[in-house]
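I have placed the structure first, in the form of structure tokens, so that the comments after it can refer back to it.
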Protein chains: 4
Amino acid sequence: MSDYTPQPENKFTFGLWTVGNIGRDPFGGPVREQKTPADLVRLLGEVGAYGVNFHDNDLIPIDVMPSEAEAIKKDFREALDETGIVVPMATTNLFSDPIFKDGAFTSNDPKVRAYALQKTMNAIDLGVEFGAKIYVFWGGREGTETDSTKNPVEAIKRNREAMNFLCDYVRDQKYDLKFALEAKPNEPRGDIYNSTTGHMLAFIATLDHPEMVGVNPEVAHEHMAGLNFVHGVAQALEAGKLFHIDLNDQAFGRYDQDFRFGAVNLKSAFFLVKLLEDNKYDSSRHFDAHAYRTEDYEGVKDFARGCMRTYLILKEKAAQWNADKEIQALVAEINADDGSMGGYFGKYSSEKAKALKAQPFDRSAIAARGLQYERLDQLTVEVLLGVR
Amino acid sequence: MSDYTPQPENKFTFGLWTVGNIGRDPFGGPVREQKTPADLVRLLGEVGAYGVNFHDNDLIPIDVMPSEAEAIKKDFREALDETGIVVPMATTNLFSDPIFKDGAFTSNDPKVRAYALQKTMNAIDLGVEFGAKIYVFWGGREGTETDSTKNPVEAIKRNREAMNFLCDYVRDQKYDLKFALEAKPNEPRGDIYNSTTGHMLAFIATLDHPEMVGVNPEVAHEHMAGLNFVHGVAQALEAGKLFHIDLNDQAFGRYDQDFRFGAVNLKSAFFLVKLLEDNKYDSSRHFDAHAYRTEDYEGVKDFARGCMRTYLILKEKAAQWNADKEIQALVAEINADDGSMGGYFGKYSSEKAKALKAQPFDRSAIAARGLQYERLDQLTVEVLLGVR
Amino acid sequence: MSDYTPQPENKFTFGLWTVGNIGRDPFGGPVREQKTPADLVRLLGEVGAYGVNFHDNDLIPIDVMPSEAEAIKKDFREALDETGIVVPMATTNLFSDPIFKDGAFTSNDPKVRAYALQKTMNAIDLGVEFGAKIYVFWGGREGTETDSTKNPVEAIKRNREAMNFLCDYVRDQKYDLKFALEAKPNEPRGDIYNSTTGHMLAFIATLDHPEMVGVNPEVAHEHMAGLNFVHGVAQALEAGKLFHIDLNDQAFGRYDQDFRFGAVNLKSAFFLVKLLEDNKYDSSRHFDAHAYRTEDYEGVKDFARGCMRTYLILKEKAAQWNADKEIQALVAEINADDGSMGGYFGKYSSEKAKALKAQPFDRSAIAARGLQYERLDQLTVEVLLGVR
Amino acid sequence: MSDYTPQPENKFTFGLWTVGNIGRDPFGGPVREQKTPADLVRLLGEVGAYGVNFHDNDLIPIDVMPSEAEAIKKDFREALDETGIVVPMATTNLFSDPIFKDGAFTSNDPKVRAYALQKTMNAIDLGVEFGAKIYVFWGGREGTETDSTKNPVEAIKRNREAMNFLCDYVRDQKYDLKFALEAKPNEPRGDIYNSTTGHMLAFIATLDHPEMVGVNPEVAHEHMAGLNFVHGVAQALEAGKLFHIDLNDQAFGRYDQDFRFGAVNLKSAFFLVKLLEDNKYDSSRHFDAHAYRTEDYEGVKDFARGCMRTYLILKEKAAQWNADKEIQALVAEINADDGSMGGYFGKYSSEKAKALKAQPFDRSAIAARGLQYERLDQLTVEVLLGVR
């Protein structure tokens, strides 16, 4: 057994807004004092994180004077240098300011749409300044409370125009930067456009430069829609579009809970870690979560350490599963292929189709085979529970 | 006010399995006797439907002798001729027979995958024989109860290979036929791959012949995931991928209820009808639903008539909304554009970016504007309730 | 058709926190300036409300000096007198201050539990001072993020002890006041105890003075759990426990949306209004909702007026449904009773049991009857849509 | 570590319908041949179960001749004697036959209501004949698809009358039998009355003989509504009403999945086992689940063994949690009580209220304490994962 100490190759990152969350929620005020970006970097250094991500306004408050901004950046950079923490990703806050109350890129107001573009260009510049290679878009206000108020077809066009503009901006600036789009079904809007990672992947395929745009799936966001997160991530991964990932946890069909990774469903977290590791995912493992509101900053550190430890424990279990002889024998048996059907697969040909149409099948015999999935899943559960 | 009589141009269709549903469910046996396909066509004729759709085995049971199959087809064709009912769509049943207990195209067993291809080619031939122009794929068993048992990346590859093969089969046969893929998040499997219309659109973009493949979104299936159905349909429509649609209704986060169109949420049904009619959707409006289990065949007719009547009432209300002066004045005000931002939109240029970066914005003034969405939505509600 | 003007007998009330909501949410800051309690009363007067409800700290901020408190109360009372608005209900804020971060009556910290009792006694005094006859308890923080942290059996005992203490306090003070307990399944806690109106009714039955404690069901809270709200309210009503009700709306399985009454599901809103009116519910119809964040205070008034108008429109439709001859004929037929079974119902006796055991039943004949529920529901839909 | 072999004191039971489930679902036919009740008892004997439960028609099909019934009972009894398996619980099937298509006790048809009473009395006799001490009621059809069709207040009264009648029947027969009512929110009806364990507990409090009626909560049923199952069971347990329990698992907000115990959420299963064991629950641990449809009868045995093994592993972990010094130190600290508030708790008195009103509280100091819940929960996760 390892001691589950985070290593740089794990690429564990946290947003400033995660460990910096002060615990305000719709029914209560802050429970933790606000820390500076620099102090948050030091906290992340203390717990062993690899990187830190930021929204423009996590680092530089929206109303700050230029001189003050420079001072903040200087402090932040010093803390980065001091701790060795890097900035792999940045993003724009297009949801907190009242100007975005009806969306940013999809707002019905052209002034808001223009301002959102301006703000994002500036935020991209800021991200690149700190070395970010991935730029995340989460359109938290791009939606409606009622479809009386916004044309959903028009909203898609507005969103696409903005993304195309910003892709071209990045190309024009010759930035080494890719975009990762993050879906969420609802909250804070009644419904948010491009509600799942699937919708986002489909949207990307319609852009001018799809090759520079991928996704940033978040566990909690897909769980809000009760979807199997592993399946959505597998689709992104198989399509070469998994540019970033937001790890956390939450119950299905609930408000955005943003709990510690693995805090709700250890089994689905296990399959997720296994998918990422088996497929050699090599971008950031970003924990987009925050500590319970019951915690002080010692609890925030416990939270951050817990995210990383649980990931590493599950990574070890994934390796154990792959090495378990009884499990692997079952997997082999389940996927057994006697080769007799080989001639029908692969690229279509008229001959294949003709031959396949003539092939007799003993439906009952094929159907009668017990697949031993209860046994395989129980073995998996026992790996998870540490009793194998 | 019209009398809400279905017209051919409404293209109202029903599957044989909808009005032919005998009311079996996981907790109880049939409550209605099975009718023949021909009798179901006559029932649809009686209620004023335009078309009928079928799975291969709705028409020809899976174990039927060839001679018997011919007799069934003859009866069915006679009923079509007699009633004037057409067959716009057909599909394959890849879920009822025990051979598909672990999926069809994504089964771990190569024999099952090969058989699924064979069955689908035959079913396509049958559909084309009756004039179908749209071929629907609903992969009801393409999923898992636990990700211990199937590799989700491999499943995507298997699914894609099958779709590519079948696209080429259609091209090879020179059939005038397009595919429409139907998503569902779960049931009867614990989780089903390509769980939403969004995921399906993304999958289509990775096929060899994406131009011949679109989607068949179903109200109930997206509602199971608690998603805004109108937004998903708008995305398909805007991408030119709305080849077919399954109309019904159900509560969010429930088992597959398949209720009469409009039976649960009249407001979302209204926005859906408005979206389809405003955008001149011209394929089938297919009611993929069934009567409550409390009903006899008179009740089945009430159910079918109700689906169509509610659609037509909502269509009338959509036209009323578009013509309502107070509503339209609000819509115009909400989307007001003084043209001052015009220079920043459209195709990117370095000059635009530069000019936009220099543009001052009065955030507070822009944010302060009340958007009157409560008022607009209340007017919409009052159109719906018939009090305007 | 009436003009849907609110009347005092409708007992339409709003909380100070509803029309006074400034639009802060987990992802964004306020969009409306804070109004004083007195100004909110005047706003309610302008839109035609009957009453206003408050939490202690809506009226008197938690840190206010006694002299300031008296000034606020004076202003508030003047606004009440000026507008004729009454205060039928009051409640305690046991969730906003950080001291309640792990609950109030169920906190693991005895000091918090004691302070919660003290705060509630003071708040009861304040409510009674303004004439409240109903006192609502919503234990927004009484729950957990993980059951590692609090013993759920112990939590029930703590909650009961607090309620018993406060019932006795009211009796001791000879206040004419009843308690109404409000359930919510989650948010802001991961899970909240007594998660539905059903659980709350069961809890009440275990109190020392159950006769003075009823429930305050809220549409949005039961919809968060995807439950049929009408059924839960009917149970409370039938048990004589419907002391108050919180009207609003929201989609199933989502964050707490608190939308305008009827904004999501008009059909369930209709059945709710019909249930209340048919059963002559005569306590407050409290709209516990708030305007969209896109609105200014004109929009807040639109929101408040919309809540009341939709209720009155639905009330009119309920009367129409009760008077519709075709509908009533169906209802009569559905509930037809030939009296032949009369001897088996009512109070048990050995003779009845014996006779009933000997009674032959023709299962098939009874089952064969079509119940015409599709037809009845379609007629209901058409009443709702205003086309009958 | 134990070898997790089921022992009689674990009281592990299975319904005939669980291991006897043939795998039919709404989209497919049976995948396993039907076994006789006697053979199912032998299968349960082989896997080490303690008891078997049945619906009347699991044992005796609804249309069987009396002589055949006697033969079935004889075979069943022999298998019980042979294996030592007992029958702790029985129940009535009031949902499969078409006669119950609109409910049993709440049907609008008096004949159906009378027949349901008759069928239940006979089924009670049958259960008692085989030694059942608990009689479960699951009213699978007691609900509606639309509230147009049944009066929800009337439905409660009908349900209560039936339960009172049947309680009196049991008393009249001097049976040693208690009732356990099982809630479910929906499926197979659109909505089912008494939708959660909470609603059921509240309903019980209104019966003539509440002391002989408790609940039978089912994991899957409460998870369908996205509720914390542990909290609902704790409420029943604390009220002395946990007469029986149905263990299984499923994702929130889904169709009724009835998976193997622990198959979805190991953490909530852990807290459940801990609750039952800590509180010395001593009735049946009934696994109301069934094997995946991919399985043959070997897989059914794997399923049944898995249910029991996972329970026993979690029981061991619960004991480990209770014995873990670091965890217990945290629990003690979290619940620390310096006694200073002692005078304010317990039974109300005017003096207590007065003293408590005068007690000063340092809100900020109390709120500032970090509660260490992240740490405690992470330790819990690590116990679960077997790395402590």
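The values are calculated or read from the model by the stated rules, or taken from the named source; none is laboratory data. Note that the structure is predicted; figures quoted are calculated from it, not measured. For neighbour counting, all protein chains shown are included, and Cβ atoms are generated from backbone atoms with ideal geometry for every residue, glycine included. Note: accessible area is taken over every heavy atom of the protein model, side chains too, but ligands, DNA and RNA are not part of it. Shrake-Rupley method; radii C 1.70, N 1.55, O 1.52, S 1.80 Å.
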Can you give me the angle between helix C:266-278 and the longest principal axis of chain C, using Cα atoms only, in degrees from 0 to 90, rounded to the nearest 10?
90 degrees
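Report, in cubic angstrom per residue, the convex hull volume of the C-alpha atoms of region B:256-308.
Numbers: hull volume 4.4 nm³, N = 53.
Once divided by residue count, the hull of region B:256-308 is 84 Å³.
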Hits among lysines - C-alpha to C-alpha of A:LYS74 under 22 Å, sequence gap 8 or more where chains match:
A:LYS35, A:LYS119, A:LYS133
What does the convex hull of the Cα atoms come to per residue for region D:268-369, in Å³?
201 Å³
Hey, what do the phi angles of region C:13-23 turn into as Karplus ³J(HN,Hα) couplings, whole Hz, using 6.51/-1.76/1.60 and θ = phi - 60°, x for Gly and Pro?
10, 9, x, 4, 6, 8, 6, x, 4, 9, x
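Given B:LYS317/C:LYS317; C:LYS280/D:LYS157; B:LYS11/B:LYS157, which pairs have Cα atoms separated by over 28 Å?
Numbers: B:LYS317/C:LYS317 18 Å; C:LYS280/D:LYS157 18 Å; B:LYS11/B:LYS157 35 Å.
Checking Cα-Cα distances, B:LYS11/B:LYS157 exceed 28 Å.
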Report, in whole Å, the centroid distance computed from the Cα atoms of region B:167-193 and region C:317-388.
44 Å
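When the Kirkwood radius is taken over all Cα pairs of region C:1-157, what Stokes-Einstein diffusion coefficient follows at 20 °C and 1.002 mPa s, in µm²/s?
On the way: Rh = 17.3 Å.
Roughly 124 µm²/s, to the nearest whole number.
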Longest principal axis of chain C (C-alpha) makes with the long axis of helix C:229-238 (C-alpha) an angle, in degrees to the nearest 10, of 90 degrees
Quick one: grab the alpha carbon gyration tensor of region C:37-130, order the square roots of its eigenvalues as a ≥ b ≥ c, and give me rounded if a/c is under 1.5, else prolate or oblate depending on whether a/b is larger than b/c.
prolate
Can you give the angle from 0 to 90° between the axis of helix A:373-384 and the longest principal axis of chain A, with both taken from C-alpha atoms, to the nearest 10?
40 degrees
Counting other C-beta atoms within 10 Å, and keeping those with at most 10, which DSSP coil GluC sites (Glu not before Pro) do you find in region D:36-101?
none
Between region C:17-49 and region A:114-155, what's the alpha-carbon centroid distance in Å?
29 Å
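Please say if region B:8-323 is rounded, prolate or oblate, where rounded means a/c under 1.5 for a ≥ b ≥ c the square roots of the C-alpha gyration tensor eigenvalues, and otherwise the choice is prolate for a/b larger than b/c and oblate otherwise? Kindly include the intermediate steps, with their values, before the conclusion.
On the way: a/c = 1.36, a/b = 1.13, b/c = 1.21.
Rounded, because the longest to shortest axis ratio a/c is under 1.5.
Mean projection of the alpha-carbon convex hull of the protein assembly as shown over all orientations, in nm²? Each step should come with its number before you reach the end.
On the way: hull surface 211.9 nm².
Taking the Cα atoms of the protein assembly as shown, their convex hull projects to 53.0 nm² on average.
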Under a GNM of chain B (C-alpha, springs under 10 Å), which listed residue has the highest mean-square fluctuation: B:LEU117, B:LEU376, B:LEU59?
B:LEU376
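For region C:155-212, run through the trypsin sites (Lys or Arg not before Pro) and keep only the ones in DSSP coil with at most 16 other Cβ atoms within 10 Å of their Cβ.
On the way: sites: C:LYS157, C:ARG158, C:ARG160, C:ARG171, C:LYS174, C:LYS178, C:ARG189; in loops: C:LYS174, C:ARG189.
Of the trypsin sites (Lys or Arg not before Pro), the ones in loops of region C:155-212 whose Cβ has at most 16 other Cβ atoms within 10 Å are C:LYS174.
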Hey, can you grab everything whose amide H is under 5 Å from the amide H of C:HIS286? Only 5+ residues off in sequence or another chain; H modelled, so Pro and N-termini drop out.
C:THR13, C:ILE245, C:LEU247
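How much length would be gained if the chain were fully extended between C:TYR175 and C:MET212, taking 0.36 nm per residue of separation minus their Cα-Cα distance, in nm to one decimal? Before the final figure, lay out the partial values.
Numbers: separation 37, 0.36 × 37 = 13.32 nm, distance 1.14 nm.
Full extension from C:TYR175 to C:MET212 adds 12.2 nm.
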What is the spin-label model distance, in nm, from A:ALA368 to A:GLN34 if the labels are put 7 Å beyond Cα along the C-beta direction?
7.2 nm
Listed residue (B:LEU385, B:GLY342, B:LEU371) projecting farthest to the positive dipole end of region B:325-385, Cβ model
B:GLY342
If you place +1 on the Cβ of every Lys and Arg, -1 on the Cβ of every Asp and Glu, and leave all else neutral, what size is the dipole of chain B about its Cα centre, to the nearest 20 Debye?
980 debye
What is the pair-distance distribution P(r) of region A:325-385, computed from all Cα-Cα distances in 5 Å bins starting at 0, with each bin given as a whole percent?
4, 13, 17, 17, 13, 13, 10, 8, 4, 1, 0
Ignoring ligands and nucleic acids, D:MET163 exposes an accessible area, probe 1.4 Å, in Å² to the nearest 10, of 10 Å²
How big is the accessible area of A:THR5 in square angstrom, nearest 10, if you roll a 1.4 angstrom probe over the protein chains?
60 Å²
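Where both residues lie in region A:8-323, what percent of DSSP beta bridges are antiparallel, nearest 5? Don't skip to the answer; put the middle values down first.
Numbers: 4 of 29 bridges.
Percentage antiparallel, nearest 5: 15.
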For the pair A:SER350/B:ASN335, report the inter-label distance in nm, with labels modelled 7 Å from Cα in the Cβ direction.
5.1 nm
Mind telling me which of B:TYR175, B:TYR135, B:TYR344 comes out most flexible in a GNM of chain B, alpha-carbon contacts under 10 Å?
B:TYR344
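Trypsin sites (Lys or Arg not before Pro), restricted to region C:306-351: which are DSSP loop and have at most 16 other Cβ atoms within 10 Å? Numbers along the way, then the final one.
On the way: sites: C:ARG309, C:LYS315, C:LYS317, C:LYS325, C:LYS347; in loops: C:LYS347.
Filter output for region C:306-351: C:LYS347.
In terms of solvent-accessible area of protein heavy atoms at a 1.4 angstrom probe, what is the ranking of C:ASP296, A:ASP282, A:ASP147, highest value first? Mind dumping the intermediate values first?
On the way: C:ASP296 55, A:ASP282 110, A:ASP147 25 Å².
Greatest to least solvent exposure: A:ASP282, C:ASP296, A:ASP147.
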